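Worksheet: the structure to be examined is printed underneath.
The values are calculated or read from the model by the stated rules, or taken from the named source; none is laboratory data. Keep in mind it's a predicted model, so treat the numbers as computed, not measured. When we count neighbours, we look across all protein chains shown, and the Cβ atoms used for this are built from the backbone with ideal geometry, even at glycine. The protein model used for the area step is the full one, side chains on, heavy atoms only, and it has no ligands, DNA or RNA in it. Shrake-Rupley method; radii C 1.70, N 1.55, O 1.52, S 1.80 Å.
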Amino acid sequence: MEAFIAKGSDDPQTYLEYEVGPNNVTFNAFIYNPSRVRREGAPMDQAFISDPLGDGFKAVTRLNKLAVTWTTESQIPLALFNGEDSTGSVWRMNFFRTITSPSEFPEQKLCGWRNTGEANFHVTPAFGTIKFV
């Protein structure tokens, strides 16, 4: 599961990419995407979060091989976004999943909350809007 998270209502150029897999391995980085669509030849960079546990990230994943399912509960610290209380604030987010298996390989199924229309999750105009209450 991949989550792309940015504080504010604009299409972001910088956002958090947070990933967690069925084996509870995570990827945490801030992404710099000035083209907002990961255009070919455009600059794009990432700043890895080197101590996610020390910074307050948490992920607990449960794998059910019999049911062929997995669930994860994650916690991402608001302080990364210069905030402590998100009440009333508007954020831009999107959530994705790449599905692959021995029967699918090398093909993959891509799905998301807000589809980008291509095999590219880094399309910030497709991010949805969330308002915290």
So who's got an amide H within less than 5 Å of the one on I49, skipping anything under 5 residues away but keeping other chains? H placed 1.01 Å off N, in plane. N28, A29, F30
Return the lysines within reach of K58: Cα separation strictly under 21 angstrom, same-chain partners fewer than 8 residues apart disregarded; answer none if there are no such residues. K7
Residue-wise HN-Hα coupling along segment 61-68, computed from phi with Karplus coefficients 6.51, -1.76, 1.60 (Hz; x: Gly, Pro): 10, 10, 9, 10, 5, 5, 8, 6
If you place +1 on the Cβ of every Lys and Arg and -1 on the Cβ of every Asp and Glu, how big does the dipole about the Cα centre of the chain come out, in debye to the nearest 20? 340 debye
Could you work out how far apart the two model spin labels at N115 and R62 are, taking each label as a point 7 Å from the Cα in the direction of the beta carbon, and quote it in nm? 3.1 nm
Explain nothing, just the number: relative contact order of segment 54-125, from Cα pairs under 8 Å at least 6 residues apart, as a whole percent. 18 percent
Under the rule of at least 5 residues apart or a separate chain, name every residue whose amide H is placed under 5 Å from the amide H of T14. N33
Report the full-extension gain for the segment K131 to Q75: residue separation times 0.36 nm, less the Cα-Cα distance, to one decimal in nm. 18.4 nm
Considering only protein heavy atoms and a 1.4 Å probe, what is the carbon-and-sulfur percentage of the accessible area of the chain? 52 percent
Rounded to the nearest 10 Å², the accessible area of S74 using a 1.4 Å probe with every protein chain kept is 60 Å²
Along segment 91-98, what does the Karplus equation 6.51 cos²θ - 1.76 cosθ + 1.60 (θ = phi - 60°) give for ³J(HN,Hα), rounded to whole Hz, x for Gly and Pro? 10, 10, 8, 8, 9, 9, 8, 9
Report ³J(HN,Hα) in whole Hz for each residue of segment 121-127, in order, from the Karplus equation J = 6.51 cos²θ - 1.76 cosθ + 1.60 where θ = phi - 60°; Gly and Pro get x. 7, 8, 10, 5, x, 7, 4
Here are some values of Rg and Dmax of the Cα atoms in Å: (i) 21.7, 70; (ii) 18.8, 66; (iii) 15.5, 45. Which one was computed from this structure? (iii)
Over the chain, what is the relative contact order in whole percent, taking alpha-carbon pairs under 8 Å and six or more residues apart? 26 percent
Using the heavy atoms of the protein chains and a 1.4 angstrom probe, tell me the accessible area per residue for segment 5-62 in square angstrom. 60 Å²
